[in-house]
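Below: the structure, in structure tokens.
Derivation of every value follows stated rules applied to the coordinates shown; laboratory data play no part. Predicted model only: the values in this text are computed from it and were never measured. So basically every Cβ, Gly included, is an ideal-geometry build from the backbone, and we count neighbours across all protein chains shown.
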Amino acid sequence: MRMRILFLSLATAVGWGWASVAAAQLDLSWSFAHNRTVLMEPIRATVRITNHSGRDLDLGPGGNARLRFRVEDQPSSVVPATGEPLVRRAFSVPNGETREVMIDLLDGYRIVQGQSYMVSPLIEVGGMSFPGRRLALEVQPGLELLRRDYGLPAFGEARRVSLRTIHRERSDRLFLRVDNAATGFCLGVYDLGRLIRFFKPRIEQDRDGLFHVLHQSGPDRFVHSVFDFNGFPSGQTIYAGEMASLRLTRGDDGAVQVTGGTPYEDDPENPGMLIAPERPPSPSQHIRMGELPMKRQADREPARRRNRSR
């Protein structure tokens with residue numbers, strides 16, 4: 001009995017020793033860009049790899065190492081893989097160095113349900129596995145604010161465009177989702193930015209089939225986003241203006257434009273930065289201390305009439 005206990009203790013010690021060696025050979029850390037996403041939004045993550053294995057690692061297609069994930073939708077259930085590699089281009093980690101790679105989990109795994117998941121990475125090389133820590137991922141269908149259908153499904157050229165919102169990073173975020181209404185296939189989900197709910201978002205399609213979205217992202221700031229018929233971004237412009245005057249209008253010729261606002265301009269001294277347009281000066285009243293503004297004639301008439309009635 002003592003010999004058996006001693007053997008188990010030695011086996012456990014050897015096991016922990018191999019685990020320590022494996023951990024020393026390869027250090028794997030990672031994080032989500034957002035641990036809360038809307039359904040079918042790209043699930044981006046950054047994986048950081050430190051290589052002390054004694055040889056260079058190649059995680060690209062056909063390389064000597066492979067990066068994969070374990071995505072659990074239940075404690076004993078694993079989400080099936082799509083068969084597509086997570087690292088699609090050449091990516092190597094030389095011995096003794098550290099490299100980072102960005103991946104999209106939606107490319108490699110069928111995460112098609114709005115629920116909570118537990119996710120952990122794994123690098124396989126030389127018959128050994130190097131796991132990373134498990135992180136929680138929350139996928140939400142999002143609150144649908146607006147939905148429009150365009151085209152005829154019978155001809156295979158129909159699109160369903162919807163605006164959805166979830167709360168993350170201490171603010172409400174607005175998302176555009178484009179689906180092929182004929183096949184039910186999601187063509188893309190995109191984060192349009194912060195959402196202020198005082199202004200109701202608008203969607204219009206122009207004569208060229210482009211989708212235009214206008215929403216409010218600040219007290220006097222509005223975002224105009226444009227997407228093509230297949231759901232790819234075509235441009236985005238920020239406008240300054242008042243909520244009562246901003247409109248997304250469609251002309252008689254089918255063109256769609258923003259009216260009632262002034263677009264931000266590029267800063268010539270800082271490329272990539274935008275400059276807010278100058279606001280018109282507000283009307284000023286010269287008031288001395290102890291005086292009230294002079295009332296208009298229309299404001300004084302009711303008081304005169306009340307005095308005469310007495």
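The number of residues in the stretch 86-129 being within 22 Å of the chain's Cα centre (by Cα), crowded, with 19+ Cβ neighbours inside 10 Å and assigned to a loop (DSSP other than H, G, I, E, B) comes to 3. Comparison of Phe227, Phe211 shows that the only residue that is closer than 22 Å to Asp104 by Cα and buried (at least 16 other Cβ atoms within 10 Å of the Cβ) is Phe227. Restricting attention to the stretch 233-281, the residues being among the hydroxyl-bearing types (Ser, Thr, Tyr) and under 13 Å from Asp220 (Cβ atoms) number 4. Here's a check for you: in the stretch 168-182, which residue that is of a type in the set (D, E, K, R) and under 18 Å from Phe211 (Cα atoms) is surrounded by the most Cβ atoms within 10 Å (Cβ to Cβ)? Across the stretch 168-182, the extreme among qualifying residues is Arg177. Taken over the stretch 217-265, the criterion of being outside any loop (DSSP other than H, G, I, E, B), touching a residue at least 12 places away in the same chain (Cβ under 8 Å), over 23 Å from Asp172 (Cβ atoms) and of a type outside the set (Ser, Thr, Tyr) is satisfied by Arg250, Val256, Pro263, Glu265.
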